[in-house]
Amino acid sequence: MSTDDSPPPGTGPATPAAIDAVPLRHPWRWVTAIVVLVLAALFLYGAATNPAYRWPVFGKYILDERIVKGVVVTLELTVLSMVLAIVLAVMLAVMRLSPNPVLRAVSWVYLWIFRGTPVWVQLVFWGLVPTIYKNIQLGIPFGPTFFHLNIQSLAPYFWLAVVGLALNEAAYLAEIIRAGISSVPEGQHEASVALGMSWWMTMRRTVLPQAMRVIIPPTGNEFIGMLKTTSLVAAVPFTKDLFGAQRNISAVIFEPVPLLIVASAWYLLVTSILMVGQHYLEEYFSRGASRKLTAKQLEALNEAEQLGEVGHV
């Protein structure tokens, strides 16, 4: 007696009945959304009708020439500091990955100092450099002097602010770059060397393009953070940036609240533009790294499912 329960020849497996799936309802989501919208509307109405905000003063100074110049100076500080920080961070990251113990120790001490002290303290120190080192002289000891520079007469507070911001930022970017390079599998480097590539060509064509997927997102965040950190350059002291400009104006007209809103609006505008640029930059470097299955992968998956069904039958 046969116990085979398979369907007669020529007839396929029974088609399962379609499932009438009813999506799960979430009424509390709508309640939460309504509550949040009501609270936001109440806050905006209160801020718009509160005379303490002094909205006429805000409208008067939002496009003031001194404020606009401060925005330009803030962008200059941000870009110059980040460029210098990236160059120094690459050197520090390579030193951290170097087999030379001296280079590793120097890099570690640098990161320990600049990550372990507040950026405000570092900027105050850089502001005191003209007082600590009043003159720079190069020459023969107890002999003639070939070069003499009076730092106090130059008053290079803008460049001292750039150096102070860059040295602090480099300590954080170095760890980001090191983590990005370490995230690339070692087999990629070995395969490139087996193809005859030099170390520089391997880094440029194999390692760095893959590491950029890990490096770009946190670096973009650091760039945006640097834009806001420039508000601390008053410790140098340097007061021609956006925050310094609004503070100088508010000290004259005694209107700190609307001027702070002016500075906040400009910071929000610039950071929003930078966030959009960061988004497209991340998309550019994430090409080829998609979570979706490719056509070949889908075809292979369908074949595997069909083989599984046949084996099950």
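For the range 248-260, which residues satisfy the criterion of being surrounded by fewer than 19 Cβ atoms within 10 Å (Cβ to Cβ), in a helix (DSSP H, G or I) and either free of Cβ contacts under 8 Å to residues at least 40 places away in the same chain or under 24 Å from the mean Cα position of the chain (by Cα) (or both)?
Result: ALA251, VAL252, PRO256, LEU260.
Looking at (1) at pLDDT 90 or above; (2) not in a helix (DSSP H, G or I), can you tell me which one PRO99 breaks?
(1)
Out of all the residues in the range 202-241, which are polar (S, T, N, Q) and not in a helix (DSSP H, G or I)?
Of everything in the range 202-241, just one residue is polar (S, T, N, Q) and not in a helix (DSSP H, G or I), namely THR239.
Matching residues to (1) surrounded by 10 or more Cβ atoms within 10 Å (Cβ to Cβ); (2) outside any helix (DSSP H, G or I); (3) modelled with pLDDT of 90 or more:
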residue	(1), (2), (3)
ASP4	no, yes, no
PRO9	no, yes, no
ALA33	yes, no, yes
VAL38	yes, no, yes
ALA52	no, no, no
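State yes or no: is VAL57 assigned to a helix (DSSP H, G or I), farther than 29 Å from ALA265 by Cβ and modelled with pLDDT under 95? Explain how you work it out, then say what you get.
Working: assigned to a helix (DSSP H, G or I): yes; farther than 29 Å from ALA265 by Cβ: no; modelled with pLDDT under 95: yes.
So VAL57 does not fit the description; no.
Filter the range 235-247 down to the residues that are closer than 18 Å to LEU63 by Cβ and crowded, with 24+ Cβ neighbours inside 10 Å and list them by number.
ASP241, LEU242, ALA245, GLN246
Are there any helices (runs of 4 or more DSSP H) wholly within the range 104-201 with 2 or more residues that are closer than 20 Å to LYS240 by Cβ and modelled with pLDDT under 80, and if so which? I'd like the intermediate steps shown before the answer.
Numbers: elements: 119-127, 129-132, 151-154, 157-182, 186-194.
Where helices (runs of 4 or more DSSP H) fall fully within the range 104-201 and carry at least 2 residues being closer than 20 Å to LYS240 by Cβ and modelled with pLDDT under 80, they are 151-154.
With the structure loaded, tell me whether ILE86 is among the aliphatic types (A, V, I, L, M), closer than 30 Å to GLY220 by Cβ and out of contact with any Gly (no Cβ under 6 Å at 6 or more places or on another chain) or whether it fails that test. Steps first, please.
Working: among the aliphatic types (A, V, I, L, M): yes; closer than 30 Å to GLY220 by Cβ: yes; out of contact with any Gly (no Cβ under 6 Å at 6 or more places or on another chain): yes.
Yes, satisfied.
Which of the residues that make up the range 236-259 are closer than 26 Å to PRO130 by Cα and hydroxyl-bearing (Ser, Thr, Tyr)?
Within the range 236-259, just THR239 meets the criteria.
The values are calculated or read from the model by the stated rules, or taken from the named source; none is laboratory data. No experiment lies behind these values; they were computed from the predicted model shown. As a convention, Cβ positions derive from the backbone with ideal geometry for all residues, glycine included, and neighbour counts pool all protein chains shown.
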